[in-house]
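A quick write-up on the structure given underneath.
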Amino acid sequence: MFHRFLMSLIVAAPLLAASADGAWAQADPQGASGLPLPRFVSLRADEVNMRIGPGVRYPVDWVYKRQNLPVEIIAEFGTWRKIRDGQGTQGWVHQSMLSGRRTLLITGQVRTIRAKPDTASPPIARAEPGVVGELLQCDDGAGWCKVKVGGHEGWLRRAEFWGAYTGEAIN
């Protein structure tokens, strides 16, 4: 039993390679789906089971009860995706429970959504930490993203939310 469990972990683990500076990085930037890894997605349902391994035979470790919560896919195994949430919790969910819809999670403190991508621009709304919103647009390399939170559309700095990579373009 232990041997089979260990083998499933080895098979499910992403391939790693040492770079010139000695850091470890994923050898293949694409998963089984052909899509890039890592990548952000969101939870499709209002109840999603996260398991300790890629399959229904693995126990449920956590149940998310928040549709549209952004998560990061960090590995793939068949139809299973290893995800990481904004708090760093990792586990496996079935691909059918994930959506390509881009969302964001407000982090840190109360954040100000602005009319334009400029700190001098007038505020449109304020968002509490933990609030989930929709990520509408981020220009390549820009420090601001267009967002929709609670029906309010405006601009938020990338450093004020979780759900987009530094410099990532989102249209």
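Could you name the lysines whose alpha carbon sits less than 27 Å from that of LYS65, not counting residues in the same chain fewer than 8 places away?
Straight-distance partners of LYS65: LYS82, LYS146, LYS148.
Near VAL149, within a Cβ-to-Cβ distance under 14 Å, what is the net charge of the other residues, with Lys and Arg +1 and Asp and Glu -1?
+3
Quick one: length gained pulling ILE52 to SER96 fully straight, 0.36 nm per residue minus the C-alpha distance?
Working it through step by step, the gained length comes to 14.1 nm.
Based on the Cα atoms of region 104-162, what semi-axes does the equivalent ellipsoid have, where each is the square root of 5 times one gyration tensor eigenvalue, given in whole Å with the largest first?
Computed over region 104-162, the values are 15, 13, 11 Å.
Counting Lys and Arg as +1 and Asp and Glu as -1, what is the net charge of the other residues whose Cβ lies under 11 Å from the Cβ of GLN67?
+2
Rg and Dmax of region 29-101, Cα atoms, in Å?
Every Cα atom of region 29-101 included, Rg and Dmax give 10.9, 30 Å.
Most exposed first by the Cβ proxy, i.e. fewest other Cβ within 10 Å, how do ARG157, ARG81 rank?
ARG157, ARG81
Any read-out appearing in this document is the output of simple, stated calculations on the displayed coordinates, not a laboratory observation. Computed from a prediction, not measured in an experiment: that's the story for all the values here. Please note: Cβ atoms are built from the backbone with ideal geometry, for glycine as well, and neighbour counts cover all protein chains shown.
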